[in-house]
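The values are calculated or read from the model by the stated rules, or taken from the named source; none is laboratory data. Worth saying up front: this structure is predicted, and the values here are computed from it rather than measured. Cβ: placed from backbone, ideal geometry, glycine included. Neighbour counts: every protein chain shown. Side chains are part of the model used for accessible areas, which takes the heavy atoms of the whole protein and leaves out ligands, DNA and RNA. Shrake-Rupley method; radii C 1.70, N 1.55, O 1.52, S 1.80 Å.
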Amino acid sequence: MNILVCIKQVPSSSNVKVDPETGVLIRDGAQSKMNPYDLYALEMGLSLRERYGGSLQVITMGPDSAKAVLMEAIYMGADHGYLISDRRFAGADVLATSYTIASAIAAIATQAPFDLILCGKQTTDGDTAQVGAELAEFLHLPHYANVQSAELTKEGALRCTCLLGRELLTARLTLPALLCADGEINTPRLPSYRRRQAARKREDWITVLSLNDFADQDSTHYGLNGSPTQVEKIFPPEKKAGHVRLTGSGQELGEQLYTLLQEKKFI
Amino acid sequence: MGKLVIDASKVNAQTAAQLVALCPFSAITYNGETLDISAACKMCRLCVRKGPAGVVQYIEDTQAPTVDKSKWQGVAVLADATGGTLHPVSFELLGKAKELAAVTGQPVMALLLCDQAADMPQKLIERGADTVYIYEHPMFRDFCVTTYANAFEDFIQKIKPSAVLVGALSRGRSLAPRVASRLRTGLTADCTMLEMKENTDLVQIRPAFGGNIMARIITPRTRPQFCTVRYKVFSAVAPNHDAAGTVLRMPVSDSWQDTRVTIESAEMKPPEKDISEADILVAVGRGLKSAADLAKVQAFCSAIGAQLACSRPLVEAGWLDASHQIGLSGKTVRPSLIITLGISGAVQFAAGMKSADCIIAVNSDPAAPIFDIAHYAVVGDLYEVMESFLKKAEEHSHET
């Protein structure tokens, strides 16, 4: 089974603020990490490859620095990484992002098609949980989200269990297919020191793709131009006017809180 | 629609340094000679608006074609009928749809995909739908996203609603992106506010860029405009038993069933004690020093009769499981009281709880953003506050 896992580099800290005076975004530090939800998808993919053989590759979209998350996945056990990087993709919304990743996957698949594409539940910076489903649509694949587990049937179909709210659903899909793994469904393995050492001896772990590699070369389908949604304005979250501030020592505060809850008849 | 262009003649060490420092996404780099914008650019255009004049310019391309908006009319709500009963988020969305449609004087529609409609259409009319469109067929008994998407697409192609509101439940979160991308239109996830412009553009407001920022998002060139909204973000209106509406049964094609997918089993699990249904919550965050201290928080919860919840860092640390998590990556809650302990209040978290009737925030940092949305700001150490509170509660129990 040839598996492709979609991953993303996200900021380590979510302490982005907007200066209320100037409207300027302030981001603390430039540290980044792999989106934590992608680790579960990666672990699911690595276990499937161990069980059924085949390959596992990873793909991400972002600036050159996003190679770091591809390498982290390679240290965990991925065979190869693809970085989709092009300034013409800047400002992409969900639709343009999904279309870009789908175009890249289609371009790679002309050489080596994939049986299974795995995504995480959502990212911790965009928090939309929509790219996986849109990607499945652009690639014309059946898909399920909130996937708890997956296995191959004797006939070579994919059986997956998903938790859709309170509904536990087991479905059988023909391959190729796309699954979005739920969070906390497994314990992601750590990057291996041995693989990290071995990786130094080779430099061809990552392939970089740009618009020039895609079948659809029309730049209006990508980035800001290919995005039907537009951010009209960004602004700091509203503040509640005139809240009551309690101050004092810890002991006084605890007592004030007790009195407050009594007054409000919560206790 | 356009692109950013750098005027090389205006680039010098000073302007370059300003721009590099200004970009919140570290997308602008300067090697001492040329200034470059990398693929990290999110086209926020801050460099154009706030940077040194004229160095980075936004060049408009030819205007992209826009649909004829007058051909797309009304606000549609996808009803969620998992397990044969309407989820209350459907009623919340109908209430909001009625407000939005009133601005443009257009109708409110409900779309119902199910295997047995029973009295569900009537309930949707009572909650605000002018017309209910039903696709009733055994293929909709269990959820297959592509089968559902085929019917959803049929509805949109035939009825042409201007805006479509979908509840951000498991089914809606898979279905909305599938259909929006099929129609090459925009979709905004987890909106916390919606407004309608007179030109039928839907203003979708949600937290953005993973930080403490809100964004107003529009879909100006395409229709329909898709958005998802979480449960408990809007309020449902009371049912009006005298409301009149039309029920239209839509033809279903057997070819819509996706033969690549077979559902082997589907079972409803018994309802768990869910934080989104709790009346009183205590939410704990990064201010908690160790997992062992959760016992103290549990004692505090018991004293108030509250259910325990948390912010994302505690789930990432593995101290509590995801069912406790409030926020955009967790659940949205609307209790009558929420007490937050050691939570700074990132917008990601706040979006999941700010409609609570009473918010009491305990945090040692007087500048924590959580205080901006709290009704009561308790500036102090959460351990000391809890300890003193529990002592007082114990004294009180001895007195009575």
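Any residue at all in the stretch A:164-175 that's out of contact with any strand residue (DSSP E or B) (no Cβ under 6 Å at 6 or more places or on another chain) and more than 7 Å from chain B (Cβ to nearest Cβ)?
Checking the stretch A:164-175: not a single residue is out of contact with any strand residue (DSSP E or B) (no Cβ under 6 Å at 6 or more places or on another chain) and more than 7 Å from chain B (Cβ to nearest Cβ).
Among the residues of the stretch A:211-222, write down those that are within 25 Å of the chain's Cα centre (by Cα) and not in a helix (DSSP H, G or I).
Once the filter is applied, which keeps residues that are within 25 Å of the chain's Cα centre (by Cα) and not in a helix (DSSP H, G or I), the stretch A:211-222 yields A:Phe214, A:Ala215, A:Asp216, A:Tyr222.
Yes/no matrix, rows are residues, columns are (1) surrounded by fewer than 18 Cβ atoms within 10 Å (Cβ to Cβ); (2) at the interface with chain B (Cβ under 7 Å from one of its Cβ atoms); (3) not in a loop (DSSP other than H, G, I, E, B):
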residue	(1), (2), (3)
A:Leu224	no, yes, yes
A:Val231	no, yes, yes
A:Lys239	yes, yes, no
A:Gln251	yes, yes, yes
A:Gly254	no, yes, yes
A:Leu257	no, yes, yes
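Working carefully through the options A:Leu211, A:Leu246, A:Leu158, find the one that is in contact with a strand residue (DSSP E or B) (Cβ under 6 Å, 6 or more places away or on another chain) and either among the polar types (S, T, N, Q) or closer than 30 Å to B:Thr146 by Cβ (or both).
Details: A:Leu211 fails: in contact with a strand residue (DSSP E or B) (Cβ under 6 Å, 6 or more places away or on another chain); A:Leu246 fails: either among the polar types (S, T, N, Q) or closer than 30 Å to B:Thr146 by Cβ (or both).
That would be A:Leu158, the only listed residue that is in contact with a strand residue (DSSP E or B) (Cβ under 6 Å, 6 or more places away or on another chain) and either among the polar types (S, T, N, Q) or closer than 30 Å to B:Thr146 by Cβ (or both).
Return yes when B:Lys42 is within 14 Å of chain A (Cβ to nearest Cβ), more than 19 Å from A:Met61 (Cβ to Cβ) and either in contact (Cβ under 8 Å) with a residue 12 or more places away in the chain or buried (at least 18 other Cβ atoms within 10 Å of the Cβ) (or both) and no when it is not. Even if it seems obvious, please write down each step before you answer.
Working: within 14 Å of chain A (Cβ to nearest Cβ): yes; more than 19 Å from A:Met61 (Cβ to Cβ): no; either in contact (Cβ under 8 Å) with a residue 12 or more places away in the chain or buried (at least 18 other Cβ atoms within 10 Å of the Cβ) (or both): yes.
Answer is no for this residue.
Criterion first (out of contact with any helix residue (DSSP H, G or I) (no Cβ under 9 Å at 6 or more places or on another chain), open to solvent by 60 Å² or more (accessible area, probe 1.4 Å) and not assigned by TED's automatic domain parsing to the domain that holds B:Tyr133) does B:Ala21 satisfy it?
yes
Please indicate, with yes or no, whether at least one residue in the stretch B:68-80 is touching a strand residue (DSSP E or B) at 6+ places or on another chain (Cβ under 7 Å) and within 13 Å of another protein chain (Cβ to nearest Cβ).
Yes: the stretch B:68-80 contains one or more residues that are touching a strand residue (DSSP E or B) at 6+ places or on another chain (Cβ under 7 Å) and within 13 Å of another protein chain (Cβ to nearest Cβ).
Grab the strands (runs of 3 or more DSSP E) fully contained in the stretch A:75-152, keeping just those with 1 or more residues being open to solvent by 10 Å² or more (accessible area, probe 1.4 Å) and within 8 Å of chain B (Cβ to nearest Cβ).
By residue number, A:143-152.
Could you tell me which residue of the stretch B:190-227 is nearest to B:His87 (Cα to Cα), considering only residues that are among the β-branched types (Val, Ile, Thr) and facing chain A (nearest Cβ under 8 Å)?
Here is the first cut: in the stretch B:190-227, the ones among the β-branched types (Val, Ile, Thr) are B:192, B:200, B:203, B:205, B:213, B:217-219, B:222.
Restricting the remaining residues to those that are facing chain A (nearest Cβ under 8 Å) gives B:203, B:213, B:217-219, B:222.
Numbers: B:Val203: 25, B:Ile213: 30, B:Ile217: 27, B:Ile218: 27, B:Thr219: 27, B:Thr222: 29 Å.
Here the answer is B:Val203.
Looking at B:Asp381, B:Asp321, which one is within 15 Å of B:Gly287 (Cα to Cα), without any contact (Cβ under 8 Å) to a residue 60 or more places away in the chain and either away from every other protein chain (no Cβ under 11 Å) or surrounded by fewer than 24 Cβ atoms within 10 Å (Cβ to Cβ) (or both)?
B:Asp381
So is B:Leu248 away from every other protein chain (no Cβ under 13 Å), assigned to a strand (DSSP E or B) and open to solvent by less than 10 Å² (accessible area, probe 1.4 Å) or not?
Numbers: away from every other protein chain (no Cβ under 13 Å): yes; assigned to a strand (DSSP E or B): yes; open to solvent by less than 10 Å² (accessible area, probe 1.4 Å): no.
Criteria not met by B:Leu248.
Restricting the search to the stretch B:1-14, which residues are touching a Leu at 6+ places or on another chain (Cβ under 8 Å) and either buried (at least 21 other Cβ atoms within 10 Å of the Cβ) or at pLDDT 90 or above (or both)?
If the condition is that a residue be touching a Leu at 6+ places or on another chain (Cβ under 8 Å) and either buried (at least 21 other Cβ atoms within 10 Å of the Cβ) or at pLDDT 90 or above (or both), then B:Ile6, B:Ala8, B:Val11 are the ones that fit.
Only one residue in B:Val284, B:Val315, B:Val261, B:Val333 is within 14 Å of another protein chain (Cβ to nearest Cβ), buried (at least 19 other Cβ atoms within 10 Å of the Cβ), in contact with a helix residue (DSSP H, G or I) (Cβ under 6 Å, 6 or more places away or on another chain) and β-branched (Val, Ile, Thr). Which one?
Being within 14 Å of another protein chain (Cβ to nearest Cβ), buried (at least 19 other Cβ atoms within 10 Å of the Cβ), in contact with a helix residue (DSSP H, G or I) (Cβ under 6 Å, 6 or more places away or on another chain) and β-branched (Val, Ile, Thr) holds for just one of B:Val284, B:Val315, B:Val261, B:Val333, which is B:Val315.
So, in the stretch B:143-170, of the ones that are open to solvent by 20 Å² or more (accessible area, probe 1.4 Å) and within 10 Å of chain A (Cβ to nearest Cβ), which residue ends up nearest to B:Glu92 (Cα to Cα)?
That would be B:Leu169.
If a residue counts only when it is out of contact with any strand residue (DSSP E or B) (no Cβ under 8 Å at 6 or more places or on another chain), which helices (runs of 4 or more DSSP H) contained entirely in the stretch B:258-361 have at least 2 such residues?
B:294-304, B:312-316
Within the stretch B:87-101, is there a residue that is within 13 Å of chain A (Cβ to nearest Cβ), open to solvent by 80 Å² or more (accessible area, probe 1.4 Å), of a type outside the set (A, V, I, L, M) and not in a helix (DSSP H, G or I)?
Scanning the stretch B:87-101, I find no residue that is within 13 Å of chain A (Cβ to nearest Cβ), open to solvent by 80 Å² or more (accessible area, probe 1.4 Å), of a type outside the set (A, V, I, L, M) and not in a helix (DSSP H, G or I), so the answer is no.
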